[in-house]
Amino acid sequence: MRPWLLVPLLTATSCYQPNFASGKYRCDQPTDVCPGGFVCVAGRCVDPSEAGAPGDSPGLSETADLKAPPAPDGPADMAGSAHCTSLGHQHILACKGSFTMGNFNNSGICPNDYKVCSSSEQKLLGKLDNNLCKNLRGFFAANIPAAINIKKDMTQELVCPPNSMKGEDPVLVGCGTEARAGYPMGPGTIVANNDCHGLKTFVPCNNNLVQGWSCQTGLGDATHTNTDRGGLLCCKN
């Protein structure tokens, strides 16, 4: 407790009447108590008549400074969605959650006004932060039809949209890293040499080799079982 708080005790036994200047004393500690007739505003003891108006006393600021700050851009769009992470652009989020086969659109993983990122967000996806995308914990899928083509030099090339006539293997494309199923220390997700609408990381379908993920032809028949790791890429136009 600050020394000046003893003043009221002294006044009880003397005729001394101290003159407290509005804004002179601080009240920014849990144990601080303002003198009688004063209120604590923005960490200073002030006269109630000055609490809602601009003041010239030390430590006082304009009324606007006493109001709650405006909501910031970006993650503020995720109100009520603490399970989402911004990927360098306020309209591209990686949101954690699980879903059953065929129900990714009805999973409630994406916040209001967002939807699972698709080919129509190609321009927006080009603005995501590749480092944030690559280093996410868990795999976050987009709704973009894609396949992998193994070239003669054995490198893996993403193809989107896939050409079913060429027998290409379907994959899920997205962001993040996930371990191989049954091998927590081994790689599961794969990074291609090229990108599909800005996304290079993929999960192969037809083999269930990535923890928490299974699919046959794409996100439409995919299942994700881990609620705390991985989920969906969500976009807002």
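The values are calculated or read from the model by the stated rules, or taken from the named source; none is laboratory data. Predicted model only: the values in this text are computed from it and were never measured. Cβ coordinates were reconstructed from backbone atoms using ideal geometry, including for glycine residues, and neighbour counts include every protein chain displayed.
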| request: Only residues that are surrounded by 21 or more Cβ atoms within 10 Å (Cβ to Cβ) and either over 12 Å from Thr217 (Cβ atoms) or among the acidic types (Asp, Glu) (or both): list them for the range 137-147, please. | output: Gly138, Phe139, Phe140, Ala141, Ala142, Asn143, Ile144
| For Glu121, all conditions in the list (1) under 18 Å from Thr177 (Cβ atoms); (2) in contact (Cβ under 8 Å) with a residue 60 or more places away in the chain; (3) outside any strand (DSSP E or B) hold save one; what is the number of the exception? | (1)
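Look at Asn105 and say whether it is assigned to a helix (DSSP H, G or I), at pLDDT 50 or above and within 30 Å of Gln211 (Cα to Cα).
On the way: assigned to a helix (DSSP H, G or I): yes; at pLDDT 50 or above: yes; within 30 Å of Gln211 (Cα to Cα): yes.
Judged against the criteria, Asn105 is a match.
When residues of the range 221-237 are filtered for being of a type in the set (D, E, K, R) and either surrounded by 23 or more Cβ atoms within 10 Å (Cβ to Cβ) or in contact with a helix residue (DSSP H, G or I) (Cβ under 6 Å, 6 or more places away or on another chain) (or both), how many remain? Talk me through it step by step, then tell me what you get.
Going residue by residue through the range 221-237, those that are of a type in the set (D, E, K, R) are 221, 228-229, 236.
So of that shortlist, the ones also either surrounded by 23 or more Cβ atoms within 10 Å (Cβ to Cβ) or in contact with a helix residue (DSSP H, G or I) (Cβ under 6 Å, 6 or more places away or on another chain) (or both) come out as none.
Qualifying residue count, the range 221-237: 0.
Test Val171 against the stated conditions and say whether it is in contact with a Lys or Arg (Cβ under 7 Å, 6 or more places away or on another chain), modelled with pLDDT of 90 or more and of a type in the set (A, V, I, L, M).
On the way: in contact with a Lys or Arg (Cβ under 7 Å, 6 or more places away or on another chain): no; modelled with pLDDT of 90 or more: yes; of a type in the set (A, V, I, L, M): yes.
So Val171 fails the test.
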| message | Just the residues that are within 9 Å of Gly198 (Cα to Cα) and among the charged types (D, E, K, R), please, taken from the range 124-133. | response | Lys127
